[in-house]
Amino acid sequence: METTTSKETLGFQAEVKQLLDLMIHSLYSNKEIFLRELISNASDACDKLRFEALTSKDLFENDAELKIRVSFDKAARTITVADNGIGMSRDEVIANIGTIAKSGTREFFKALTGDQAKDAHLIGQFGVGFYSSFIAADKITLVTRRAGLGAEHGVRWESTGSGEYTIEPVSQAGRGTEVTLHLREGEDDLLYGARLRAIIRKSSDHIVLPIVMKKEEWDKDKSEHRLTAEDETVNQASALWARPKSEITQEQYDEFYKHVAHDFEAPLAHAHARVEGNKEYTQLLYLPAHAPFDLWDREHRRGVKLYVRRVFIMDDAEQLIPYYLRFVRGVIDSNDLPLNVSREILQESKDIEAIRAGSVRRVLGMIEDLAANDKDKFATFWKEFGRAFKEGVGEDHANRERIGKLLRFASTHADTDAQDVALADYVARMKPEQEKIYYVTADTFAAAKNSPHLEVFRKKGIEVLLLSERVDEWVISHLHEFDGKPLQSVAKGELDLGKLEDEAEKKEQEKEAGELKEFTDKIRQALGERVKDVRVTLRLTDSPACLVAGQHDLGANLERLLKEAGQKVPASKPILEINPRHPLLQRLTTEADSQRFSDWSHVLFDQALLSEGGQLEDPAGFVKRLNQLLVEIAGGGSRIILP
């Protein structure tokens, strides 16, 4: 190689400097992970070349046998990982090595735990694996040339990890990338073929491409191994998913998962199946044990890789897995799709529709198995992915019933925020004459748990689901019934307990409503356009008032969420329901001063709005009214204890 122009010295992105410092000083005890990461990067580079070569065969440059080579030089104290994959141009080197795209580094640092073993394994998940080489090396030299460019477009990159790197053009005959690690003092234990082979077989045996090293022979005279000119393949170099299940150990399944997911922890479950018939394909799908850092990123890449007859096609084929299952990882290998398949073809392909439907069934089967047979693992799944999974109720109409059976919610049964109540559990606990599944929605669990709308239900011992996640509004707008039982909000429409109602109480309410009609009309007049109606209710036992929506109107919580999202919301007014037995209402019935009556009416409305998690349109007006009333009451020598 000959340098064709002068060398440049450039500085790392600030986050990279911080990352390098971490690698060098904090993760030293996990030094061998660098080999896993470099081999994984080399494998990705070869996959990309194979994909691009589908439309441009010239990229192979008469060298279509893709492989990864690992070598070492005891005298020079170096380890080299080389591939004949896609390679990089000068700009790509700067973009991929001098900086870290998007928010990977920032999120990586947030995820650090202080446990060296755990933190070291986070490296691959956040796309910063290349830098792990500095754990074992004090200098790294990278030489690369992108496929399709001339030999004069080779690039050499070098850094000691001190905050700067050099980059220069070189003449490079072969395409691909070669990474050479100049080991730190004390790392000579890595300069043995047996040691490197053991690491490769442990962490990279599942790589589909052959990982080759020079064979070694025992030199009796020197009492040491010496390298020969013959290559040997260290890994199995076969597609794990294409092998019979009986030949694959659980450890091999787990190691393959860690490769495809860039994860450090074993998955919760996996499903491996070969589908034959009109459509032939193989699935190897995994449920991770924890959510990726970008699960809620709109640009989040889904983790199922598409292969066609063992040839890698793409690694984020969103057509294969619906959005609500975006956390699933694995591979799907089709025998029927064309090798030059594009995203546009995928969108219109009947084959893909069949594969997608089959994959969804397989994933739901895994989750159902956890729910039935491993409560702890299912609890982990729900904690990590429950919110995303709930989206399926609206997205996947064909599987809505199966999804509904897997949903979990908090409820008044345990009165904790643990989402461990299945709808089937709720139905099994329903009172003999109960006809509906009751729920309440709110912005927070505390607001849901303490909602005044629950008071009569708690009094009668009727369980209510406590829904406090934003996605819950989406769920109940699509899940109208379960097991023949309709879902009913406790904060919408007239209180209807069906056969659970006490006829004597109902008659007493109707009597009070008639007697207090003039009083409720007066409150409605005082509140004006703020309410649709004011009425007496049995819904309350402790609170003076609450707000309810009309049976066919948007619920208050959903209305708030839509407004926050910038959407137009149909105009609707709440109904104010009052508890005539509350001391505040009894005091108000005797209030003769019209202004004070109006102020109390507005305070009642605002209190009811606040108690359900709403926001006041005029907080200052509320405080002013309340203060004025408190002053007048205090001055009059009487006190009302507000609930």
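The values are calculated or read from the model by the stated rules, or taken from the named source; none is laboratory data. All of these numbers come straight from a predicted model, not from anything done at the bench. So basically every Cβ, Gly included, is an ideal-geometry build from the backbone, and we count neighbours across all protein chains shown. Areas reflect the complete protein model, heavy atoms only, side chains present, ligands, DNA and RNA absent. Shrake-Rupley method; radii C 1.70, N 1.55, O 1.52, S 1.80 Å.
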Might you let me know whether the stretch 77-90 holds any residue that is modelled with pLDDT under 95 and outside any loop (DSSP other than H, G, I, E, B)?
yes
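Considering every residue within the stretch 192-215, establish whether at least one is open to solvent by 50 Å² or more (accessible area, probe 1.4 Å), in a strand (DSSP E or B) and not hydroxyl-bearing (S, T, Y).
Step one: list which residues in the stretch 192-215 are open to solvent by 50 Å² or more (accessible area, probe 1.4 Å), which gives 192, 194-195, 198, 201-202, 214-215.
Still in the running and in a strand (DSSP E or B): 214-215.
In the following step, the residues that additionally are not hydroxyl-bearing (S, T, Y) were identified as 214-215.
Yes, the stretch 192-215 contains a residue that is open to solvent by 50 Å² or more (accessible area, probe 1.4 Å), in a strand (DSSP E or B) and not hydroxyl-bearing (S, T, Y).
Which of the following residues is crowded, with 17+ Cβ neighbours inside 10 Å and modelled with pLDDT of 80 or more: I33, I39, I100?
Values: I33 fails: modelled with pLDDT of 80 or more; I100 fails: modelled with pLDDT of 80 or more.
Unique residue meeting the criteria: I39.
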When A620 is run through (1) in a helix (DSSP H, G or I); (2) among the hydrophobic types (A, V, I, L, M, F, W, C); (3) modelled with pLDDT of 85 or more; (4) closer than 28 Å to Y439 by Cα, the failure sits at (4)
Taking the stretch 497-511 and keeping residues in contact (Cβ under 8 Å) with a residue 24 or more places away in the chain and under 23 Å from K532 (Cβ atoms) leaves L497, K506, Q509
Taking the stretch 233-281 and keeping residues in contact with a His (Cβ under 7 Å, 6 or more places away or on another chain) and of a type in the set (K, R) leaves K245
Flagged pairs (Cβ under 8 angstrom, 6 or more apart or on separate chains; first in the stretch 183-197, modelled with pLDDT of 90 or more and among the acidic types (D, E); second surrounded by 10 or more Cβ atoms within 10 Å (Cβ to Cβ) and part of a helix (DSSP H, G or I)) are D189/R195
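Quick check on L454: is it aliphatic (A, V, I, L, M), in contact with a helix residue (DSSP H, G or I) (Cβ under 9 Å, 6 or more places away or on another chain) and part of a strand (DSSP E or B)? Spell out how you get there, then give the answer.
Values: aliphatic (A, V, I, L, M): yes; in contact with a helix residue (DSSP H, G or I) (Cβ under 9 Å, 6 or more places away or on another chain): yes; part of a strand (DSSP E or B): no.
No; evaluated as a whole, the condition is false for this residue.
Restricting attention to the stretch 522-532, which residues are in a helix (DSSP H, G or I) and either of a type in the set (S, T, N, Q) or surrounded by 12 or more Cβ atoms within 10 Å (Cβ to Cβ) (or both)? Write out each step before concluding.
Taking the stretch 522-532 as the starting set, the residues that turn out to be in a helix (DSSP H, G or I) are 522-530.
Result: K522, I523, R524, Q525, A526, L527, R530.
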Residue count, the stretch 605-617, condition open to solvent by 60 Å² or more (accessible area, probe 1.4 Å) and not in a helix (DSSP H, G or I), comes to 2
Filtering the stretch 135-164 down to residues that are part of a strand (DSSP E or B) and open to solvent by 10 Å² or more (accessible area, probe 1.4 Å) yields D138, K139, T141, R156, E158, E164
Checked V341, V311, V331 against criteria (more than 18 Å from the chain's Cα centre (by Cα), open to solvent by less than 10 Å² (accessible area, probe 1.4 Å) and modelled with pLDDT under 80); the one match is V341
The strands (runs of 3 or more DSSP E) lying entirely within the stretch 218-290 that contain at least 1 residues which are at pLDDT 90 or above and surrounded by fewer than 16 Cβ atoms within 10 Å (Cβ to Cβ) are 224-233, 269-275
If we keep only residues of the stretch 428-443 that are open to solvent by 50 Å² or more (accessible area, probe 1.4 Å) and not in a loop (DSSP other than H, G, I, E, B), then the residue nearest to V490 (Cα to Cα) is R429
Reported set for the stretch 451-495 where residues are under 21 Å from I575 (Cβ atoms) and without any contact (Cβ under 8 Å) to a residue 40 or more places away in the chain is I476
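Conditions tested, residue by residue: (1) within 25 Å of the chain's Cα centre (by Cα); (2) β-branched (V, I, T).
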{"site": "H182", "(1), (2)": "no, no"}
{"site": "D188", "(1), (2)": "no, no"}
{"site": "H206", "(1), (2)": "no, no"}
{"site": "K220", "(1), (2)": "no, no"}
{"site": "E232", "(1), (2)": "no, no"}
{"site": "P267", "(1), (2)": "yes, no"}
{"site": "V275", "(1), (2)": "no, yes"}
{"site": "L284", "(1), (2)": "yes, no"}
Given the conditions (1) free of Cβ contacts under 8 Å to residues at least 60 places away in the same chain; (2) outside any helix (DSSP H, G or I); (3) open to solvent by 50 Å² or more (accessible area, probe 1.4 Å), every one holds for D425 apart from (2)
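Could you say which residue among D472, D496 is crowded, with 18+ Cβ neighbours inside 10 Å and acidic (D, E)?
Numbers: D496 fails: crowded, with 18+ Cβ neighbours inside 10 Å.
Within the list D472, D496, the selection yields D472.
Rundown of residues vs (1) modelled with pLDDT of 95 or more; (2) more than 20 Å from the chain's Cα centre (by Cα), yes/no style:
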{"residue": "E368", "(1), (2)": "yes, no"}
{"residue": "D374", "(1), (2)": "yes, yes"}
{"residue": "E395", "(1), (2)": "no, no"}
{"residue": "R408", "(1), (2)": "yes, no"}
{"residue": "A422", "(1), (2)": "yes, yes"}
{"residue": "T441", "(1), (2)": "no, yes"}
{"residue": "G461", "(1), (2)": "no, yes"}
message = Going by what's in this entry, would K568 be described as within 43 Å of the chain's Cα centre (by Cα), open to solvent by 60 Å² or more (accessible area, probe 1.4 Å) and either modelled with pLDDT of 90 or more or of a type outside the set (F, W, Y) (or both)?
response = yes
Within the stretch 405-439, residues being among the aromatic types (F, W, Y) and over 17 Å from G484 (Cβ atoms) number 1
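Table: residues versus (1) modelled with pLDDT of 90 or more; (2) outside any helix (DSSP H, G or I); (3) open to solvent by 50 Å² or more (accessible area, probe 1.4 Å); (4) more than 18 Å from K492 (Cα to Cα).
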position: T520; (1), (2), (3), (4): yes, no, no, yes
position: C546; (1), (2), (3), (4): yes, yes, no, no
position: D553; (1), (2), (3), (4): no, yes, no, no
position: N557; (1), (2), (3), (4): no, no, no, no
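Just the residues that are in a loop (DSSP other than H, G, I, E, B) and open to solvent by less than 20 Å² (accessible area, probe 1.4 Å), please, taken from the stretch 583-604. Step through it out loud before you land on a result.
Step one: list which residues in the stretch 583-604 are in a loop (DSSP other than H, G, I, E, B), which gives 589-593.
Matches in the stretch 583-604: E591 only.
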Of (1) polar (S, T, N, Q); (2) open to solvent by 20 Å² or more (accessible area, probe 1.4 Å); (3) in contact with an Asp or Glu (Cβ under 9 Å, 6 or more places away or on another chain), S451 fails just (2)
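In the list A414, A418, A446, A388, which residue meets the criterion of being in a helix (DSSP H, G or I) and open to solvent by 10 Å² or more (accessible area, probe 1.4 Å)?
Working: A414 fails: in a helix (DSSP H, G or I); A418 fails: in a helix (DSSP H, G or I); A388 fails: open to solvent by 10 Å² or more (accessible area, probe 1.4 Å).
The unique qualifying residue is A446.
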